[in-house]
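Below is one structure, written out as structure tokens, with a few remarks after it.
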Amino acid sequence: MRSLPLFHRISGQPVIVLGEGEAAEAKRRLVERAGGVVVADPEEGIRRNARLAFVAHDESVRVEAASERLREAGVLVNAADRPDLCDFTVPSVLDRDPVLIAIGTSGASAGLAKAIRLRLETLLPQRLGVLAKALNSARSALRARWPDAGERRRALDAALAEGGALDPLREQSADAVPEWLENAPPGTEAGLIEIELTSDDPEDLTLRQARLLGSADAILYTAGVASAILARARADAVRHCVSNDPPGASGREGLVILLRRQ
């Protein structure tokens, strides 16, 4: 990845926005929408310990000078239409509060990011945020139903999968959490599961293989497994490169995937 995607909370915090015209005004609206306090004077923003700044001057010289001054003060800078001067870029945001989907291109093409967002707007239910809020409210009930964190995560993965009881692409899933909690089966897939890969292309994974890889607690892989395949695993899954017959692998807890390359 060229950038580390983060969601930054700025509610009540000063954010420097410099410039005039439509680009600067768009940044001001964005900051205010996220609850930030717009500061138009860079020195005042520095004194107030602002951590972020948007620079949208029309003149290139002013953009460069302001960006350099702010960066020297430890402020992260976004310079409009100048990706070479940006410490961070602003994604195209799909908002289903509290669900936010951010599409970025590391500054390569804002138009492409917008086009992808508009396409996703037609696919995602308007009540997707209601589903998120329902799951948040059910945290205690989820822990009571599945005390083990790994088992709880796998139960959620199964429910949220395509065609699952809480499929996020179905509008009615927003109201289905109580019924799912009451009727969900007690057992979930766990243990050691071996996947024999046919290629280095993650697109060749079957739907089940992709689902298992994305929900496993630990990934054991033999030499020759492509990094593109490993990238499809959970970011916090334990990873170990092992021999073809890893000793004791079956004794690991949770869902363990052994990847072999044909």
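The values are calculated or read from the model by the stated rules, or taken from the named source; none is laboratory data. Please read all numbers here as calculations on a predicted model, not as lab measurements. In this analysis, Cβ positions are derived from the backbone assuming ideal geometry, glycine residues included, and neighbour counts consider all displayed protein chains. We work out accessible area using only protein heavy atoms, side chains counted, and drop any ligands, DNA or RNA first. Shrake-Rupley method; radii C 1.70, N 1.55, O 1.52, S 1.80 Å.
Out of Ala149, Ala155, Ala174, Ala108, I need the residue that is in contact with a Ser or Thr (Cβ under 8 Å, 6 or more places away or on another chain) and not basic (Lys, Arg). Which one?
Of the residues listed, the single one that is in contact with a Ser or Thr (Cβ under 8 Å, 6 or more places away or on another chain) and not basic (Lys, Arg) is Ala155.
Among the residues of region 1-23, count how many are modelled with pLDDT of 95 or more and of a type in the set (A, V, I, L, M).
Residues that pass the stated criteria total 5.
Any idea which residue in region 59-115 is most open to solvent (accessible area, probe 1.4 Å), counting only those that are touching a residue at least 40 places away in the same chain (Cβ under 8 Å) and under 30 Å from Ser137 (Cα atoms)?
Among those that are touching a residue at least 40 places away in the same chain (Cβ under 8 Å) and under 30 Å from Ser137 (Cα atoms), it is Leu100.
Just name the residue that is modelled with the lowest pLDDT out of those in region 241-262 that are under 30 Å from the mean Cα position of the chain (by Cα) and open to solvent by 40 Å² or more (accessible area, probe 1.4 Å).
Result: Arg252.
Every residue in region 63-88 that is at pLDDT 95 or above and either aromatic (Phe, Trp, Tyr) or more than 27 Å from the chain's Cα centre (by Cα) (or both), please.
Val63, Glu64, Ala65, Ala66, Ser67, Glu68, Arg69, Leu70, Glu72, Ala73
Step by step: first the residues of region 186-216, then only those that are open to solvent by 90 Å² or more (accessible area, probe 1.4 Å) and free of Cβ contacts under 8 Å to residues at least 12 places away in the same chain, then the one that is nearest to Ala138 (Cα to Cα). Which residue is that?
Pro186
Any chance you could count how many residues in region 224-240 are in a loop (DSSP other than H, G, I, E, B) and either basic (Lys, Arg) or at pLDDT below 90 (or both)?
First, pick out the residues of region 224-240 that are in a loop (DSSP other than H, G, I, E, B): 224-226, 231-237.
Cutting the leftovers down to either basic (Lys, Arg) or at pLDDT below 90 (or both) gives us 224, 232, 234-237.
The total comes to 6.
Output the number of the condition that Ala26 fails; it satisfies all remaining conditions of (1) loosely packed, with under 13 Cβ neighbours inside 10 Å; (2) at pLDDT below 95.
Every listed condition holds for Ala26 apart from (1).
Failed condition for Lys133, given (1) within 17 Å of the chain's Cα centre (by Cα); (2) charged (D, E, K, R); (3) surrounded by 15 or more Cβ atoms within 10 Å (Cβ to Cβ), with all others met?
(1)
Could you check, for region 6-21, whether at least one of its residues is part of a loop (DSSP other than H, G, I, E, B), hydrophobic (A, V, I, L, M, F, W, C) and open to solvent by 80 Å² or more (accessible area, probe 1.4 Å)?
Looking for residues that are part of a loop (DSSP other than H, G, I, E, B), hydrophobic (A, V, I, L, M, F, W, C) and open to solvent by 80 Å² or more (accessible area, probe 1.4 Å), one finds at least one in region 6-21, hence yes.
Determine if region 30-40 includes at least one residue that is loosely packed, with under 13 Cβ neighbours inside 10 Å and either under 25 Å from the mean Cα position of the chain (by Cα) or modelled with pLDDT under 95 (or both).
The answer is yes, given that some residue of region 30-40 is loosely packed, with under 13 Cβ neighbours inside 10 Å and either under 25 Å from the mean Cα position of the chain (by Cα) or modelled with pLDDT under 95 (or both).
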